[in-house]
Amino acid sequence: MTHYVKAWILALGLILTPAASVAQDALPAAPGAEAAPAAASVDSEAPVAEAAPASGLDPALYTPMKPTEGVGMPVDKGIDFQPQVSATGKEAKWINNVILLPIMAVICLFVLLLLFIVMIKFRRGANPEPSKTTHNTFIEIVWTVIPVLILLVIAVPSISLLAKQFEPAPEDALTVKVTGYQWYWGYSYPDNGDFEIISNMLPEDEAKARGEPFQLAVDNRMVIPVGKPVKMLITGADVIHSFALPAAWFKLDAVPGRINEKVLQIDEVGVYYGQCSELCGARHGFMPITVEVLPEDKFNDWVRANGGTVKGDEATETEGDEAAVEETASDDTTTEGAPADAAAAAN
Ligand SMILES: [Cu+2]
């Protein structure tokens, strides 16, 4: 019998020892070590060049916007939701502040009051002969009907909000495909020539140098136009991730082999931070999300800076005269930074 026990202990020990050492190896590397493989994919000439904070893009077309302190990011000792910048976010925060919190507060205070009444009025000293009542039809109806009414008051706005959050995107929505990788994000723009942005967390010194919060700032941001619905197609390349942006009340899982869809519309220009919100492995905590929301013309410039195409660009080129013809001759080799675009940006 003892042989069995010994054998089991030995076998368990043998099984667990290598596992433990592997688990140690899998611990997150230093934040600086990660950037190399992914950052190389987009036209990064010199990832270390920090003179211009731009992520290797033509500064005439795009310079990363500075975030506003306290907007789109967590704040010290904060207990409330972040200021909301989308319609559904505003509605959701309103439901929380105007409907849920007051109802919860009133119910808590009411129950507390009942407890105090029972403790004081019906304590043994004041009430030695307890009531033998077991049923009271009126009270039973009241404490059934009132909670039902309370639930209805909560259900109506919250179900309508849920429906709004998952309304299909309109025809003219911009499509952005979001892919979660271990452990960074990729954003591709199929409506704009299908270029892909690879987004890695910035190391601490670089984030500080750019005036951005460490562990939220990234090298290449996801950029979208302001006030326009964006059809987010979200998937995972390896394991389940989750794309979450608290300031827009937006969270959707990124599941391998499956494309989840939800509309993201942000109505205020700015920089908003989020994080992967599905435990996805050793560096789960180091794949933040930065979304920059720009006016449409600035967004188009950003697309051009990334070598993407903007709808209507071809039209304006053909109506222009001989200069445009010369340009189109050289246009097939490079789509980026055409002089006409630079001039347009300067205006
Ligand atoms: Cu993840």
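The values are calculated or read from the model by the stated rules, or taken from the named source; none is laboratory data. Since the structure is predicted, the reported quantities are computational estimates derived from the model, not experimental observations. Using ideal geometry, Cβ is built from the backbone for each residue, glycine included, and neighbour counts are taken over all protein chains shown.
Residue under question is residue 336, and the condition is that it be modelled with pLDDT under 95, of a type in the set (D, E, K, R) and either within 16 Å of the ligand (Cβ to nearest atom) or not assigned by TED's automatic domain parsing to the domain that holds residue 241 (or both); does it hold? Don't jump to the end; show me each part of the working.
On the way: modelled with pLDDT under 95: yes; of a type in the set (D, E, K, R): yes; either within 16 Å of the ligand (Cβ to nearest atom) or not assigned by TED's automatic domain parsing to the domain that holds residue 241 (or both): yes.
Judged against the criteria, residue 336 is a match.
Quick test for you: out of 221, 210, pick the one residue that is more than 16 Å from the ligand (Cβ to nearest atom), over 22 Å from residue 81 (Cβ atoms) and under 14 Å from the mean Cα position of the chain (by Cα).
Going through 221, 210 in turn, just one is more than 16 Å from the ligand (Cβ to nearest atom), over 22 Å from residue 81 (Cβ atoms) and under 14 Å from the mean Cα position of the chain (by Cα): 221.
Considering only residues of segment 187-207 that are touching a residue at least 60 places away in the same chain (Cβ under 8 Å) and within 16 Å of the ligand (Cβ to nearest atom), which is surrounded by the most Cβ atoms within 10 Å (Cβ to Cβ)?
Restricting to residues being touching a residue at least 60 places away in the same chain (Cβ under 8 Å) and within 16 Å of the ligand (Cβ to nearest atom), the top hit is 201.
Would you please name the residue that is nearest to the ligand (Cβ to nearest atom), looking only at residues in segment 273-283 that are of a type outside the set (Phe, Trp, Tyr) and under 14 Å from the mean Cα position of the chain (by Cα)?
Per the stated criteria, the residue is 276.
Might you check whether a residue that is within 16 Å of the ligand (Cβ to nearest atom), in the same structural domain as residue 278 (by TED's automatic domain parsing) and at pLDDT below 95 occurs anywhere in segment 168-179?
Looking for residues that are within 16 Å of the ligand (Cβ to nearest atom), in the same structural domain as residue 278 (by TED's automatic domain parsing) and at pLDDT below 95, one finds none in segment 168-179, hence no.
Could you list, in sequence order, all residues of segment 236-272 that are in contact with a Leu (Cβ under 7 Å, 6 or more places away or on another chain) and more than 11 Å from the ligand (Cβ to nearest atom)?
Selection gives 248, 250, 259, 260, 261, 262, 269, 272.
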